[in-house]
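The values are calculated or read from the model by the stated rules, or taken from the named source; none is laboratory data. Keep in mind the model is a prediction, meaning the values are calculated, not measured. Cβ sites come from the backbone with ideal geometry, for glycine too, and all protein chains shown count toward neighbours. Just so you know, the surface numbers come from the protein's heavy atoms only, side chains and all, with ligands and any DNA or RNA stripped out. Shrake-Rupley method; radii C 1.70, N 1.55, O 1.52, S 1.80 Å.
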Amino acid sequence: MMELERLGNIPVSTSLVGSLFPGLEAGNQKARHLEAAGKVIRLKKGLYVVSPQVSRVTLSSELIANHLYTPSYVSMHSALRYYGLIPEAVYTTQSMTLKHSRGFETPVGRFSYKSISREAFPIGLTSINKENYAFLIATPEKALCDLIANSPKVNLRYLKDVETFLEMDIRMELADFKNMDVSIFEQYAHVGKKGKSIETLIKYLRR
């Protein structure tokens, strides 16, 4: 299984799995056979990831999220938790996408995607580079904007609302918020949803 091991934890297509074993069977039959043997994990139709027992590499929910529904990037609670900015564990990997909102249940976890406008999508994105792979994730500022924009009950009209949201609702340290880059909030406020709430956030950061 050296061929599979070389794939690491990067999600791959049925055809790529099949191409590693020329002359054996059709790609989809081979993928099903490998899945039944516990060598690969089926994420969705046509997309697999090598089992960690075979690859000897830990699966990355962020990397899987990027591949499961494209184009997308990890954001909201998932990104804030990744950076260690909120204390609660996050059991669904949350992402933003240019496509329709949707969700996936997979053997390796739950993934949800919220739609975002083409104008707001590229603001505040970063690529995290690991040893053998990289994934797209929101900066802390963008993750916070996306979270506010997609939380129906959140409406930051006053400075006190900002404090309550950060300290009580998501339990972020105000000192961490004070270190954030205001320029990302400013860009988002112009083109993203809930611009007024983001403007209140900016006022709080600048005071």
(request) Select from the stretch 148-169 the residues that are open to solvent by 10 Å² or more (accessible area, probe 1.4 Å), touching a Leu at 6+ places or on another chain (Cβ under 9 Å) and of a type in the set (A, V, I, L, M) and list them in ascending order. (result) VAL154
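The rows are residues; the columns are (1) closer than 30 Å to LEU166 by Cα; (2) hydroxyl-bearing (Ser, Thr, Tyr); (3) touching a His at 6+ places or on another chain (Cβ under 6 Å); (4) free of Cβ contacts under 8 Å to residues at least 12 places away in the same chain.
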| site | (1), (2), (3), (4) |
| --- | --- |
| ASN28 | no, no, no, no |
| TYR48 | no, yes, no, no |
| SER55 | no, yes, no, no |
| LEU63 | yes, no, no, no |
| THR93 | yes, yes, no, no |
| SER101 | yes, yes, no, no |
| ARG110 | yes, no, no, no |
(message) Filter the stretch 62-97 down to the residues that are more than 8 Å from the chain's Cα centre (by Cα) and among the polar types (S, T, N, Q) and list them by number.
(response) THR70, THR92, THR97
(request) Sort out which residues of the stretch 174-200 are within 17 Å of TYR83 (Cβ to Cβ) and over 22 Å from the mean Cα position of the chain (by Cα), and write them in order of number. (result) LEU174, ALA175, LYS178, ASN179
(request) Give the residue that is farthest from LEU144 (Cα to Cα), with candidates limited to residues of the stretch 169-207 that are part of a loop (DSSP other than H, G, I, E, B) and among the basic types (Lys, Arg). (result) ARG207
(message) So in the stretch 90-120, with the set limited to residues that are more than 23 Å from PRO52 (Cβ to Cβ) and of a type in the set (Val, Ile, Thr), which one is most open to solvent (accessible area, probe 1.4 Å)?
(response) ILE116
(request) Name the strands (runs of 3 or more DSSP E) wholly inside the stretch 1-89 in which the number of residues that are touching a Pro at 6+ places or on another chain (Cβ under 8 Å) and open to solvent by 60 Å² or more (accessible area, probe 1.4 Å) is 1 or more. (result) 40-44
(request) Name the one entry in ILE123, ILE128 that is under 19 Å from the mean Cα position of the chain (by Cα) and open to solvent by 20 Å² or more (accessible area, probe 1.4 Å). (result) ILE128
(request) Quickly run through the stretch 28-42 and pick out the residues that are touching a Gly at 6+ places or on another chain (Cβ under 8 Å) and not polar (S, T, N, Q). (result) LYS30, ALA31
(request) Given the conditions (1) surrounded by fewer than 22 Cβ atoms within 10 Å (Cβ to Cβ); (2) under 23 Å from ARG207 (Cα atoms); (3) touching a residue at least 60 places away in the same chain (Cβ under 8 Å), report the number of the one that ALA143 does not fulfil. (result) (1)
